[in-house]
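Everything below concerns the one structure shown next.
The values are calculated or read from the model by the stated rules, or taken from the named source; none is laboratory data. What you see is a predicted model; the values in this text were computed from it and never measured. Positions of Cβ are generated from backbone atoms using ideal geometry, with glycine treated the same way; all protein chains shown enter the neighbour counts. Ligands, DNA and RNA are excluded from the accessible area calculation, which covers all protein heavy atoms including side chains. Shrake-Rupley method; radii C 1.70, N 1.55, O 1.52, S 1.80 Å.
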Amino acid sequence: MGFRQGAVLASCSFFLGVLFICFFVDYRILHQELTEETIEDGFQFYTTFFNAPPAIKAVLHGFMGVGILGLVAKLHKYDESAIFFDGSSLVGYIFSAAVYLAVSVPSLRTIVTPADVDTRADRIEALRILSAGNTIMMVVLGAILVLQGGQEYARRVEARELAKMEEELKAKGSQASAGKDKKE
C-alpha cells in the first residue's frame, strides 16, 4: 500500500470513528422513541462536540483535506482501476464532505447556538436531521472503504493472472525450442 491509499484509508477510518462515536446518540434519536432524556443527551453531546477546542476541529478538517488529496493523487494514475474505484470513491468522499458542510454544520449551529426565531421544536428537528446526515455519511464512507478494498483485490487478481499467463508463455516457448533441438 502506498502513501496515497494510506491517506484515503486513514481519513475514511478517522471519520468513521468519529461518526461511530456519534452513532451511540444518533441511534437513539433515529430508531427509538424520542423521550426528553434522549433529546437532552443529544443536545449535551452535540454541544460538547461543537464547543471542542480549535485543534480538534483543525484535525477533523485536515483529515478531510488529506482524504481528498489522496483520492485526487490516486486518480492521477488514470487507468481503468483509477477511473472506476478511485473516481467513485472521490465522488462519495465529496458527497460526504458536502453533507458535512450543508447538513451537519448548520444543524450543529441550530442545536448549540439557536437564533431568536428557532424554537425547541426546530432544535429537535435539527438534531434528527444531524443524526440522519451522520448515518448517511457512515454508509458512504463505508462504501469508499469497500471500493478501496475491491481495488486492491482486483489489482492482486490481475497480477496473479498476468504471472500465470507469463508462465504459460514461457512453458510454450521452452517446448517449442525443445522441439526445434530434436529436429536438428
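Of these, Tyr100, Tyr27, Tyr78, which one is more than 30 Å from Arg156 (Cβ to Cβ) and out of contact with any Ser or Thr (no Cβ under 9 Å at 6 or more places or on another chain)? First the steps, then the outcome.
Working: Tyr27 fails: out of contact with any Ser or Thr (no Cβ under 9 Å at 6 or more places or on another chain); Tyr78 fails: more than 30 Å from Arg156 (Cβ to Cβ).
None of the other options fit; the residue is Tyr100.
Among the residues here, Phe45 qualifies as without any contact (Cβ under 8 Å) to a residue 24 or more places away in the chain, hydrophobic (A, V, I, L, M, F, W, C) and either in a helix (DSSP H, G or I) or open to solvent by less than 30 Å² (accessible area, probe 1.4 Å) (or both). Among the residues of region 29-53, those that are over 18 Å from Tyr100 (Cα atoms) and among the hydroxyl-bearing types (Ser, Thr, Tyr) comprise Thr35, Thr38. Entry remark, region 113-139: residues being closer than 22 Å to His61 by Cα, open to solvent by 30 Å² or more (accessible area, probe 1.4 Å) and not polar (S, T, N, Q) number 4 in total.
The rows are residues; the columns are (1) within 25 Å of Ile144 (Cα to Cα); (2) assigned to a helix (DSSP H, G or I); (3) open to solvent by 60 Å² or more (accessible area, probe 1.4 Å).
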site	(1), (2), (3)
Leu30	yes, yes, no
Leu60	yes, yes, no
Gly70	yes, yes, no
Tyr78	yes, no, yes
Leu90	yes, yes, no
Val99	yes, yes, no
Ile111	no, yes, no
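The C-beta contact set for region 53-74 (first residue in contact (Cβ under 8 Å) with a residue 24 or more places away in the chain, second residue open to solvent by 50 Å² or more (accessible area, probe 1.4 Å), distance under 7 angstrom, 6+ apart or interchain) comprises Phe63/Phe14; Gly70/Arg4; Ala73/Arg4; Lys74/Arg4.
Only residues that are within 24 Å of the chain's Cα centre (by Cα) and within 13 Å of Tyr46 (Cα to Cα): list them for region 110-146, please.
Taking region 110-146 and keeping what is within 24 Å of the chain's Cα centre (by Cα), we get 126-146.
Within region 110-146, Ala126, Leu127, Arg128, Ile129, Leu130, Ser131, Asn134 qualify.
Phe95 fulfils the conditions (1) outside any helix (DSSP H, G or I); (2) at pLDDT 95 or above except for a single criterion, (1). Among the conditions (1) open to solvent by less than 80 Å² (accessible area, probe 1.4 Å); (2) over 16 Å from the mean Cα position of the chain (by Cα); (3) in contact (Cβ under 8 Å) with a residue 60 or more places away in the chain, the only one that Phe85 does not satisfy is (2). Contact map, region 151-175: residues that are in a helix (DSSP H, G or I) and surrounded by 10 or more Cβ atoms within 10 Å (Cβ to Cβ) paired with residues that are at pLDDT 90 or above and among the polar types (S, T, N, Q), Cβ distance under 9 Å, separation 6+ or inter-chain. Pairs shown: Gln151/Ser89.
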